[in-house]
Amino acid sequence: MISNNGYDWSELMVVEFGNLINDPTQRTAYFNKEVKTRFIKIKLMEGAAGSKVLSVAELGFLKASD
C-alpha cells in the first residue's frame, strides 16, 4: 500500500511468495509501474504455516533513473 500523507492508503500490488518454510531462499518483488510516494505499508494477508507474524530483512527500494 502507498500513501503520500500517511493516512490515506491505496493498494499498489499483491505479492505471494509461496512456500517460505520449505524454500527459504531470497525473494524479490518489483512494482509493475513507477511509483512516487512518501510512505509504503506492507500488509500481511496470510503468514507461513498460518502465522500472524511478518518478518522482513534487507528491504530496499531503487530510484528510477531520470
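The values are calculated or read from the model by the stated rules, or taken from the named source; none is laboratory data. These numbers come from a predicted model, not from an experiment. Heads up, the Cβs are rebuilt from the backbone with ideal geometry, glycines too, and the neighbour counts pull from every protein chain shown.
Yes/no per residue for (1) in contact with a Ser or Thr (Cβ under 7 Å, 6 or more places away or on another chain); (2) at pLDDT 80 or above; (3) of a type in the set (Phe, Trp, Tyr):
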site: 2; (1), (2), (3): yes, yes, no
site: 12; (1), (2), (3): no, yes, no
site: 25; (1), (2), (3): no, yes, no
site: 39; (1), (2), (3): yes, yes, yes
site: 45; (1), (2), (3): no, yes, no
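Scanning region 47-62 for residues that are assigned to a loop (DSSP other than H, G, I, E, B) and either surrounded by 10 or more Cβ atoms within 10 Å (Cβ to Cβ) or of a type outside the set (A, V, I, L, M) (or both) yields 47, 51, 52, 54, 55, 58, 60, 61. Contact annotation: residue pairs with Cβ atoms under 7 Å, 6 or more positions apart or on different chains, pairing a residue in region 10-29 that is closer than 16 Å to residue 44 by Cα with a partner that is in a loop (DSSP other than H, G, I, E, B) and among the charged types (D, E, K, R), are 17/27. Scanning region 1-13 for residues that are closer than 19 Å to residue 63 by Cα and either within 14 Å of the chain's Cα centre (by Cα) or surrounded by fewer than 10 Cβ atoms within 10 Å (Cβ to Cβ) (or both) gives 1, 2, 3, 12, 13.
Looking only at residues in region 14-46 that are closer than 22 Å to residue 3 by Cα and β-branched (Val, Ile, Thr), which one is surrounded by the most Cβ atoms within 10 Å (Cβ to Cβ)? Residue satisfying both the conditions and the ranking: 40.
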